[in-house]
Structure formats: structure tokens, C-alpha cells
Amino acid sequence: MSTKSYDEILSEFEEITNHYNRKDQYFDILYDSVSTTTIAKTPSSEDFSINLKKSGVVARTFLGSWKEVATDLSSDINVIKQRIPKLTNKGAAIAEFKGWKLNKEIKPKIDPSNISIDDKIKKVRDIFNYIKKSDERIINVQVKYMELLIERIFVNNEGCRLRQVIPRTRVGIFPIAKEGSVVDYDYFIKTGEIGFEIFDLIDNGVLDTTVKNSLEMLEAKLPPSGRKTIILDPQMAGLIAHESFGHGLEADQVLRGRSYLKQHLHKQVASEISTIYDTPSLDKKLGSYFFDDEGIKAGNNVLVENGILKNYIYDRRSASELKATPQGNGRRESFAHPINVRMSNTYFGSGDYDLNEMISEVSDGVMLVHGYFGMEDPLGGGMQCTSKKAYLIENGEKTKILKATALSGDVLELLKNIDAVSKDALRLDGGTCGKGSEDMVPVTSGGSYLRAKNALVSQG
Amino acid sequence: MSSEKLDLIEKVLKSKNIEEYEIYLVERAIFETIFLKNKTENEREISDFEYFIRTLNQKENQTGIGVVKGNSLDPLQIERIIDTSLLLSRNNSSSKYYFPGNAQIPSIKTADKKVLNDPLAIKKDLAEELIGEASSQDEASTTFGRFRIHINNSFLRNCNDLNLNAQKTFFFVEFALKAKADGKLSEFWDNGYYKEKEHLKFNERISNWARRAKDTLRAEIPKAESSAVVIFSPSVLKYALTPVIGLHSIGKAHTEKISQFNIGDKVASDNISLIDDGLLEGGLSSNSWDSEGNPQQITEVLKNGLFQNRLYDQKYAILDGVQSTGNAKRAESGTVVNGISNFKIPPGDISLEEMISNIKEGYYIEQFSWLHPDEMSGNFGAEIRNGYYIKNGEFQNPIKLGNVSGNVLEMVKNCMYISKEREFNENTLFPYMVFKNLTVSS
């Protein structure tokens with residue numbers, strides 16, 4: 001836990017950074033600290049834990065490849081000067097981006113640090129007890145509250161002097177239902193760059209719906225297998241935008257020769273009614289920030305416009321190599337993790353269809369609801385996205401509820417088969433995303449409702 | 001240095017007359033090389049440490065547990081951490097709990113001395129060997145890779161005079177090889193932790209990955225089958241069995257009434273036995289002691305398909321009136337959770353080759369996109385990333401895309417064969433296994 005002020009950290013960082021001349025080499029240094037409070041309750045346990053500002057520093061230089069040193073703050077950070085070599089004439093090895101200054105804190109409506117731990121615990125217990133008593137078929141309830149306060153200070157030898165403080169909160173509610181031998185559940189998760197006001201968004205109506213959704217799963221049947229017309233809710237649309245499509249646009253995959261989308265730049269990759277964005281500068285979303293972990297200002301990246309692939313997603317290195325303008329997508333999980341090209345808030349733009357109209361036009365289909373998980377295939381362009389549940393659509397109406405349903409096949413085929421996008425307001429849901437199996441960062445994904453023909457569904 | 005850190009923290013605890021406390025301290029060193037194609041892209045060195053303080057507040061029929069994490073050694077900050085833990089323990093209402101005392105702790109080797117002595121030199125040699133092997137493949141080229149050495153030093157002290165330490169070394173490899181022909185691309189992409197240097201076997205592993213990448217170039221979408229016979233590789237079984245059998249075997253699931261396993265129940269085929277082995281040589285989760293200081297041990301979970309024993313940490317052992325089986329894991333937040341250590345399945349009596357030759361029509365799955373079964377129900381469905389269609393006892397053609405689905409709890413009741421060959425995958429030592437009555441969609 002660092003007790004140093006911003007000015008003290010800045011001054012130390014400037015002193016170290018001045019050691020490295022930009023003409024000779026690129027150098028940057030990042031301070032990362034995170035404070036968390038976690039309150040989790042299940043029928044047999046209450047787990048309360050607090051992380052009091054765990055912090056560390058990572059510094060790096062570029063000498064044709066990166067050299068990086070990360071340390072917690074128990075050691076003297078001047079060790080960085082000993083371990084990061086001083087070079088000559090390597091400054092042009094990576095493109096220069098204009099330095100800038102920022103010192104910004106997001107102030108939540110209700111700052112969790114002003115709320116007593118007793119009140120936080122009470123909120124979790126109240127939700128737990130409300131759900132537990134709601135129906136005798138609810139045999140188990142799990143409620144988890146988590147608040148984070150993340151501070152990042154970034155200095156480089158291009159003139160960046162940046163600080164951001166971002167609060168993030170998350171509430172997860174899992175009522176587990178049982179009837180006879182059938183045990184199943186649905187769940188509710190709320191996240192955002194918000195404070196304790198997150199609980200204002202979880203009233204009894206939300207809890208009742210969450211219970212109803214879990215109980216409904218007791219009736220769920222296995223989904224059909226085969227090619228169907230599908231409707232995706234905003235969470236499933238987001239999973240496609242992020243997992244199946246977006247990962248293939250990460251420009252490090254392009255440099256690796258590992259993107260199925262490399263050959264499609266400026267070509268049609270989706271139906272004309274499809275537009276897809278990645279926007280770290282959105283207000284108060286879980287995947288939002290002011291600058292990335294390389295000091296690049298958060299922007300708005302139009303990835304697909306009217307079905308045409310317009311852009312990749314860049315970090316500093318890939319933007320330099322591909323002579324592009326980065327939009328702030330170089331991210332670290334923490335000081336102990338490397339920079340990777342990462343998405344932020346990734347979503348489909350809205351269309352002009354009415355959802356009921358979309359459903360009414362389907363005679364035999366499946367509506368996939370509540371995006372559960374997905375996996376990327378950046379080289380192959382394959383798709384595996386699974387919804388927690390689905391509904392059969394028969395003769396223009398939603399009928400039976402179905403268990404977890406997987407959507408697989410070729411992602412570009414699916415995108416080109418989109419024939420309707422709903423006019424509903426955009427909905428973005430938060431989660432964490434890994435690069436492969438690790439390096440988790442907070443993101444959101446979403447959109448509105450999509451309809452596509454001839455998609456492969458099966459049990460998920 | 002580590003004992004000085006512990007002494008410092010314990011001194012502050014004692015100065016505040018805290019009666020029931022525990023300090024869990026971890027020091028980590030990581031050395032990593034990241035490759036872009038066959039060139040080094042990033043050389044990383046990370047040193048990190050953190051500690052968790054747990055304090056208990058005994059109440060009439062309950063115990064309040066406070067957990068706080070930090071990485072400051074400033075006495076004032078340590079005091080703040082302790083005060084916060086006390087505050088949490090006053091508000092917390094957990095079932096009756098106490099810290100373990102001294103017990104017979106088994107002695108096992110979990111660190112490689114050569115790695116401890118010169119991790120940078122070992123990393124350099126192994127990274128060169130890895131990229132050298134990959135570069136020598138005619139059939140496939142590297143797109144990216146990561147190779148890491150981890151050194152973890154863990155320490156646990158509590159108010160019952162428990163004073164434990166452990167050193168662990170292990171490796172991480174993530175690698176993708178790409179094959180190309182006639183404008184088509186395919187890859188084999190794998191990642192995982194390896195406990196021992198001997199498990200890396202780059203020579204064998206890279207050739208195998210390159211062959212699979214090349215084979216996938218001619219992969220076909222599998223034929224749909226509603227009652228398919230499927231061979232799962234050891235790495236696929238890790239993702240299939242560990243979360244589901246693990247959940248239903250732990251004491252917490254029993255207490256919370258979500259386990260479908262009762263002692264003595266027939267839950268799997270006669271040919272399946274499964275052991276939780278906390279002392280397994282080469283197992284990633286092997287250690288002398290678990291995350292609250294109880295000795296890790298070997299516990300028979302399934303014997304000839306019958307459920308034998310639950311896996312307990314201290315809390316759920318107290319609730320069930322039994323002894324802990326050394327199955328406490330430390331969550332990132334510092335709280336202790338009930339989980340598995342290493343799962344192993346004894347070898348079967350036929351070879352993989354014989355297994356394939358016994359199948360008239362079926363599928364071999366080397367890798368799914370992501371196999372993520374629902375832990376509670378056991379339901380799963382996953383897209384095939386690398387596999388083969390088997391016809392008349394032979395691999396007919398590679399397969400990709402399509403989906404295999406089923407239910408893990410039902411699947412283990414339909415196991416036809418278990419291979420003699422076994423492989424380590426992180427905290428599992430599993431053979432190849434053949435299951436019937438699965439669904440393949442395409």
C-alpha cells in the first residue's frame with residue numbers, strides 16, 4: 001500500500017523517466033493500485049474481505065522488443081534504472097505519440113468509502129434473506145458485492161503526465177432452484193463505473209424477476225440441434241461482437257499473422273444493417289477509462305460501418321507497426337501483467353426493427369437470452385457463444401423455455417445473415433475478458449436485439 | 001527477509017493483544033519471454049508480494065472472520081490492516097471456526113533447485129529450446145507464444161504456533177502454431193501450467209502441435225450423431241470432470257444441499273476410480289499443507305464408480321464433525337474456500353491405439369474451443385477445435401466446428417474404456433476415456 005501522494009509519485013517517476021531520452025529510446029512507467037471490498041453470502045458462509053490498496057509499479061523500454069520490469073512497492077523503485085538499460089539511437093524503433101496531461105477522478109454519486117461496512121453487509125444480507133424467503137423451491141442463494149477503486153498514474157518520455165481514479169462496483173445474485181430432481185438457476189449481475197448507488201438499481205422488482213427467472217429454468221427443456229433462424233438478446237449480441245468478432249480485430253493478432261479478418265479490411269463482413277463499435281470513452285461503463293495503460297487517450301473506434309470492416313483495434317506497438325492511430329486499447333490487468341491489445345466497450349449499433357415484429361416473422365427459430373460465455377477463434381473465425389437460456393419460437397411466438405444453448409459455426413456467415421436489428425436502446429453488460437486464458441480486464445459488450453438466419457444452435 | 005516480514009506483522013498483532021490470528025504471506029517472482037512469430041517481443045521480470053491477515057471473533061455459536069489483504073510493511077499501515085480485519089470479524093457471522101494447530105505435515109518436493117538458483121538462465125535456455133523446436137517445424141509456423149517461470153514462496157503463521165513455509169516452482173506455456181495450404185489457414189493453440197521441467201517435453205509437444213495444426217487444414221465438419229461414442233483427451237477431461245465432480249465432492253456443496261453425491265452412491269461406471277491427491281508428485285496443486293495449514297493428503301473420491309469420501313476444508317469439516325482432508329484453497333481476496341487439490345484417475349487396461357481400434361464409428365476430441373460445463377447440473381456443449389472422426393477403428397479425417405454436448409454426471413456413468421496412458425494437465429493426471437451416448441451436432 002503506497003502512502004505517497006500523487007505529487008510525490010509523479011516527481012519520482014519524472015526523475016526516473018528523465019534518465020531515458022526519447023530520441024534514444026521510448027520509456028514509460030505506470031503506478032497501479034487497487035483497493036477492494038468483497039462481501040459474499042451463501043447459506044453456509046459469509047466471506048468479508050478488504051484489500052487495502054495493493055500497489056505496484058511497472059516500467060518498460062522498447063529496443064526493437066520490449067524490456068519490462070515490475071515490482072511491488074516494498075523495494076526501492078530506483079531498481080528500475082538498474083534493470084532497464086539506457087540505449088542510444090533506438091528512439092525511432094517505435095512511433096512517437098504526442099504527450100498530454102490529465103488528472104481525473106470519477107466521483108460516484110454515493111462514494112462507497114463514505115458507507116460503513118455494516119451498511120454494506122446489511123444490503124447483502126437483506127438481498128439474501130429476501131430471496132431465500134421468496135419461494136420454497138429456492139434451495140440456495142449466493143449474493144456477492146464487490147467494490148474496487150483503481151488508481152493509475154502514467155508517465156512517459158513523450159510528455160505524458162496522467163492520473164485516473166476509477167470506481168467500479170459489481171453485485172451478483174444467484175438463486176438456485178430445485179423441484180424433484182431438477183436443480184437449475186438463472187442469475188442477475190449489475191456492474192458499472194459507479195458507487196454504492198448500484199443498490200438503487202436493485203429493487204424488489206429486480207429480485208422478484210431474478211427469482212422468477214431461476215424458477216422458470218426448472219421447466220427448461222434441452223434446445224434443438226441444427227440450423228435455425230435465431231434472435232439474440234443484447235447480451236448475446238455483445239458476446240458475438242466481442243468474443244467471436246472483436247478478438248480477430250486486435251491488431252496484435254494481425255502482426256502475428258493470426259487474424260481471419262486481415263484479408264477483409266474495407267470489405268463487407270456483415271449485412272449492411274450492422275454497425276459495430278469499440279468505445280473506451282463511453283461514460284461510466286465497466287470498460288471505460290480516460291487513458292489506457294500506455295498513456296493513449298480513450299477514443300471511439302468504429303469497427304464496422306454498414307457492414308464494411310473499417311478498422312482494427314490497436315495498442316502502441318501495433319499502431320506503430322501498422323501506421324495507425326490508436327484509440328486507447330493497450331491494457332494491463334495489473335502492474336504484474338503485460339500490455340495486450342484489448343477491447344473496452346464493444347457493441348452493435350441499434351437498428352429500426354421492433355422486437356415483436358422480429359419475433360412475429362419467425363416460424364421456426366430460437367431466441368438466445370442471457371449471454372453466458374464465449375470463446376474467441378482469431379485465426380479460424382469460428383464461434384462458440386453460449387446463452388444461459390433460450391426460447392423456442394414457433395409460428396411467430398415465443399413458446400417453450402430452453403436450457404443453455406450454444407451458437408457455433410462461422411462468425412462472418414452469421415454476421416452476413418443478420419436481417420434485422422432492433423431499435424431498442426443500447427444495453428451494455430459488464431464482465432471480464434481474458435487474452436487467451438489470462439490477463440483479465442473489465443469490459444462491457446452489448447447492443448440491441450439481432451436476428452440472423454441459418455445459424456447453428458445446439459445444447460450449451 | 002520473509003521471516004523478518006512475518007516477524008514485523010506478528011509483532012504488531014501481538015502488540016494489539018489479538019488472540020486468534022493468521023498471517024498468510026506470498027512472495028512471487030515471475031520471469032517471462034513473449035514471442036511474436038519466432039522473435040522475442042517482450043522480456044519481463046516481476047517481483048511481487050502480498051499478505052493476508054485473518055482474525056477471528058468467537059461468539060456464542062458462531063465465529064466472526066475478518067480477512068484483509070495488503071502489501072505494506074509500514075507498521076502504521078499494518079496496524080490499519082489489523083484494525084480493518086477486527087472490524088470485519090466483529091460484523092461477520094460464520095459457522096463455528098478455529099485455526100488449525102500443529103499436525104504431522106508430510107514432506108514433499110515442490111521446487112526445482114536449479115530453477116531457484118538461476119531462474120533467468122533456465123528461462124533463457126528453455127525459451128530458446130521452445131522457439132528453436134517451433135522454428136524447425138516444416139509444417140507449421142509460430143504466430144505467438146509465451147513462456148514463464150514462476151517461483152512462489154508461501155508462509156503461514158497462526159496463533160496456534162503453526163509456522164509453515166513452502167517453495168514452489170512451475171512453468172507456463174502458451175503457444176500457437178499455424179499451418180497454411182491452398183489459401184487455407186489453421187492453427188493449434190494451447191496453453192497451460194506445467195509443474196515440472198520434465199513435463200514440458202518441447203520436442204515431442206511442438207511436433208504434435210504442428211501435426212495437429214496441419215491436419216486441421218483438411219478438417220471437415222463432423223457428421224451429426226445423437227448417440228455418439230467419443231474419446232476425450234486428458235486435457236479435455238480436465239475441463240469436463242474437474243469442475244463438476246469437484247463441486248459435487250466438496251463438503252461445502254453437501255452442506256449447501258447442492259451436491260448430488262451421497263456416500264456409497266453409484267455415481268460413475270464401475271471402471272472409474274478417482275483420487276484427490278494433494279501430494280501428487282508433479283501435480284500443480286501439490287503442497288505439504290493447504291491454505292489454512294492443515295496437511296494435504298490423498299483422499300479416495302470414487303472407487304469403482306462408488307462415491308467414497310467428501311473433500312473438506314477446516315470449516316466444513318467442523319460443520320460435519322469430521323477432520324479436514326486438506327482441501328482449503330486461498331481465493332485472490334484472501335478468503336479460504338473449499339476446493340480440490342489434484343485429481344487423478346488410475347490407468348485403464350488398454351492402450352489409446354487399442355481404444356481407437358475398438359471403435360466402429362466415433363469421434364476423438366483433442367481440444368474444444370472452451371469446455372465449460374455447468375458445475376451444478378453437469379450440462380455441457382462445446383465447439384470442436386481439434387479432433388478426428390473414427391471409422392472402423394481408425395482415424396478417418398480431422399474434424400473441426402460442430403458441437404459435442406451431454407451431461408458430465410451422466411457421461412461418467414457411460415464410460416466404455418480407460419487408457420493405460422495418462423498425462424499431467426495442471427492439477428490433473430488423467431488417461432484418455434471413451435464415453436457413449438453423447439450428442440454431436442453440426
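In the stretch A:317-329, what residues are in contact with an Asp or Glu (Cβ under 9 Å, 6 or more places away or on another chain), under 12 Å from A:ILE94 (Cβ atoms) and not polar (S, T, N, Q)? Within the stretch A:317-329, A:ARG317, A:PRO326 qualify.
Residues checked against (1) surrounded by fewer than 17 Cβ atoms within 10 Å (Cβ to Cβ); (2) in contact with a Gly (Cβ under 7 Å, 6 or more places away or on another chain); (3) in a loop (DSSP other than H, G, I, E, B):
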| residue | (1), (2), (3) |
| --- | --- |
| A:VAL254 | no, no, no |
| A:GLU294 | no, yes, yes |
| A:VAL304 | no, no, no |
| A:PRO326 | no, no, yes |
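Contact map, the stretch A:352-364: residues that are surrounded by 13 or more Cβ atoms within 10 Å (Cβ to Cβ) paired with residues that are of a type in the set (S, T, N, Q), Cβ distance under 6 Å, separation 6+ or inter-chain. Pairs shown: A:TYR353/A:SER422; A:LEU355/A:SER422; A:VAL362/A:THR229.
For the stretch B:225-256, the candidate set comprises residues that are in a strand (DSSP E or B) and touching a Gly at 6+ places or on another chain (Cβ under 9 Å); within that set, the residue that is farthest from the other protein chains (Cβ to nearest Cβ) is B:ILE231.
Being polar (S, T, N, Q) and surrounded by fewer than 18 Cβ atoms within 10 Å (Cβ to Cβ) is the filter; apply it to the stretch B:261-296 and report the residue that is farthest from the other protein chains (Cβ to nearest Cβ). Per the criteria, the residue is B:ASN271. Which members of the stretch A:56-67 meet the condition of being surrounded by fewer than 23 Cβ atoms within 10 Å (Cβ to Cβ) and facing chain B (nearest Cβ under 7 Å)? Correct list: A:SER65, A:TRP66, A:LYS67.
Just one residue in the set B:LYS360, B:LYS315, B:LYS329, B:LYS303 is assigned by TED's automatic domain parsing to the domain that holds B:MET416, in contact with a helix residue (DSSP H, G or I) (Cβ under 9 Å, 6 or more places away or on another chain), at pLDDT 95 or above and of a type in the set (Lys, Arg); that residue is B:LYS315. Comparison of B:LYS114, B:LYS124, B:LYS109 shows that the only residue that is outside any helix (DSSP H, G or I), more than 8 Å from chain A (Cβ to nearest Cβ), surrounded by fewer than 17 Cβ atoms within 10 Å (Cβ to Cβ) and basic (Lys, Arg) is B:LYS109.
The sole residue among A:PHE373, A:PHE335 that is in a loop (DSSP other than H, G, I, E, B) and within 13 Å of chain B (Cβ to nearest Cβ) is A:PHE335.
Could you check the stretch A:104-134 and list, in sequence order, the residues that are exposed (fewer than 13 other Cβ atoms within 10 Å of the Cβ), more than 14 Å from every other protein chain (Cβ to nearest Cβ) and in a loop (DSSP other than H, G, I, E, B)? Selection gives A:LYS107, A:LYS109, A:LYS133.
Comparison of B:ASN17, B:ASN57 shows that the only residue that is away from every other protein chain (no Cβ under 11 Å) and not in a strand (DSSP E or B) is B:ASN17.
Going by the structure shown, is B:LYS201 in the same structural domain as B:GLU366 (by TED's automatic domain parsing) and surrounded by fewer than 17 Cβ atoms within 10 Å (Cβ to Cβ)? No; evaluated as a whole, the condition is false for this residue. A:ILE50 meets each of the listed conditions (1) part of a strand (DSSP E or B); (2) aliphatic (A, V, I, L, M); (3) surrounded by fewer than 19 Cβ atoms within 10 Å (Cβ to Cβ) apart from (3). Among the residues of the stretch B:309-328, those identified as under 25 Å from B:ASN425 (Cα atoms) and touching a residue at least 40 places away in the same chain (Cβ under 8 Å) are B:ASN309, B:ARG310, B:LEU311, B:TYR312, B:ASP313, B:THR325, B:GLY326, B:ASN327. Residues that are touching an Asp or Glu at 6+ places or on another chain (Cβ under 9 Å) and within 29 Å of B:PHE170 (Cβ to Cβ) occur in the stretch B:349-360; there is at least one.
Here's a check for you: in the stretch B:375-414, which residue that is of a type in the set (Asp, Glu) and free of Cβ contacts under 8 Å to residues at least 40 places away in the same chain is nearest to the other protein chains (Cβ to nearest Cβ)? By that ranking, first place goes to B:GLU383. The set of residues in the stretch B:1-47 that are charged (D, E, K, R), buried (at least 21 other Cβ atoms within 10 Å of the Cβ) and without any contact (Cβ under 8 Å) to a residue 24 or more places away in the chain contains only B:ARG44.
The values are calculated or read from the model by the stated rules, or taken from the named source; none is laboratory data. Since the model is a prediction, treat every value here as computed from it, not as a measurement. Quick reminder, even Gly has a Cβ in these numbers, built from the backbone with ideal geometry, and neighbours come from all protein chains shown.
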